[in-house]
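What follows is a short report on a single structure.
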Amino acid sequence: MAKKKKDLGRGIKALLSNIESDNNQLEKKLESNAANKTALVKLSKIEANPDQPRREFDQEALKELAHSIKVHGIIQPITVRKFGGNTYQIISGERRYRAAKLAKLDKVPVYVREADDVALLEMALIENIQRADLNAMEVAISYQRLIEECDITHEDLSERVGKKRSTVSNYVRLLKLPPSVQTGLKEQKISMGHARVIAGLDDTADQINLYNKIINLGLSVRSAETAAKNLKGSSSKQPKASKSEGLTADVIKIKDQLSAKLGSRITIERSKSGKGKFIIPFKSDGDFNDIIEAILED
C-alpha cells in the first residue's frame, strides 16, 4: 500500500509539472502571437509611454495599490501595444504598472492592441481624460494635445470624450492663463469655476490681480465674479460711458449676467426712445460657437 501511495505522489507531481509546462507554453504563445488578446508578460518587457499625458502620481496611493496588488493581483489588465522585438509599450494603465513594480511582480496581465503612434497617443490621452483624479490643467493639456497632435477639431473631440464643445473650449482656454494661475489651479488652490472667471478677463494684470484676491480673501466663485465685474469696470478697455448712458441699474445687471454666462464682455446700446442693440464680441470661430452654444443650451 505504501508503494502505491508513493507512486500516487509521483503521479501528482508529474501532473502538476505538466500543467506548469502547459501554462509556460501558453504564455509564450500568447506573447509571440498577441494582438488584441490578453496575455501574461514580464514587467521587464514593458515600458512606459514617453508621451504619457499624466505626469504626477500620488506615491501614497501607489503604495496602497501595490499592497492591494500583492493580495489580489492585477484585476484589470494593462493595455499595451507591441513595440519592437519582444517588448511592449503602455497605452493605458501606467499607474497599475508602477504599482506592480513596487509590489515586485515578475509578470502582469496585459491586453495587447495594435496601434500606430497617433492612435496610441489618442487612446492614451482619452483614457487619461476619463480619469476622475486628473487635475484641470492635466485635462486641458490632454485636450490641446489631442487637437494639435491628432489633428482633430473641438467638435470631434467633444464627441470622443463625451463632453460639450463649450466644456472642451473652457478647458483649452485655461492654457492661456498666466503661469501662476495655472499652478494654483493645478495645486487646487482655486477651482475650475474660479479659473473660468479669471479667464474671462482680457488683461493679464487683471487676471493675476483677481487670482491673488481669490487666494488672499478666500473668495467664492460668485464673489470672484463680482470682483471680476469691478475689474472690468475699472479697465481702460471698458466701452465708453456714453454708450451705456441711459441704462437702468436692472439693465446693467442683466448685461453683467449675460457677459458672465457667455464668457464675453457684451455691450448694450439704447437710445432715448428705447431702441437699441446687443453687441457680443468674439475673437475666433471657436469663441463664436461657444457663445451660440451657451445661448441655446437652456
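The values are calculated or read from the model by the stated rules, or taken from the named source; none is laboratory data. Given the structure is predicted, the values throughout are model-derived calculations rather than measurements. Every residue, glycine among them, receives a Cβ derived from its backbone with ideal geometry; neighbour counts consider all protein chains shown.
Listed residues Glu187, Glu159, Glu127; which is out of contact with any Lys or Arg (no Cβ under 8 Å at 6 or more places or on another chain) and closer than 26 Å to Phe288 by Cβ? Before the answer, list the steps.
Numbers: Glu187 fails: closer than 26 Å to Phe288 by Cβ; Glu127 fails: closer than 26 Å to Phe288 by Cβ.
The conditions single out Glu159.
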* Asked: Looking at (1) in a loop (DSSP other than H, G, I, E, B); (2) surrounded by 19 or more Cβ atoms within 10 Å (Cβ to Cβ), can you tell me which one Lys163 breaks?
  -> (2)
* **Failed condition for Ala119, given (1) surrounded by fewer than 16 Cβ atoms within 10 Å (Cβ to Cβ); (2) in a loop (DSSP other than H, G, I, E, B)** => (2)
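Residues checked against (1) part of a loop (DSSP other than H, G, I, E, B); (2) modelled with pLDDT under 80:
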| residue | (1), (2) |
| --- | --- |
| Ile214 | no, no |
| Ala224 | no, no |
| Ala227 | no, no |
| Lys232 | no, yes |
| Leu247 | yes, yes |
| Leu258 | no, yes |
| Arg265 | yes, yes |
| Glu269 | no, no |
| Asn289 | no, yes |
* Asked: Can you pull out the helices (runs of 4 or more DSSP H) entirely within the range 1-112 that have at least 3 residues that are within 24 Å of the chain's Cα centre (by Cα) and modelled with pLDDT of 85 or more?
  -> 59-72, 94-102
* Among what's in the range 70-115 and is exposed (fewer than 15 other Cβ atoms within 10 Å of the Cβ) and hydrophobic (A, V, I, L, M, F, W, C), pick the residue that is nearest to Phe57 (Cα to Cα). => Ile75
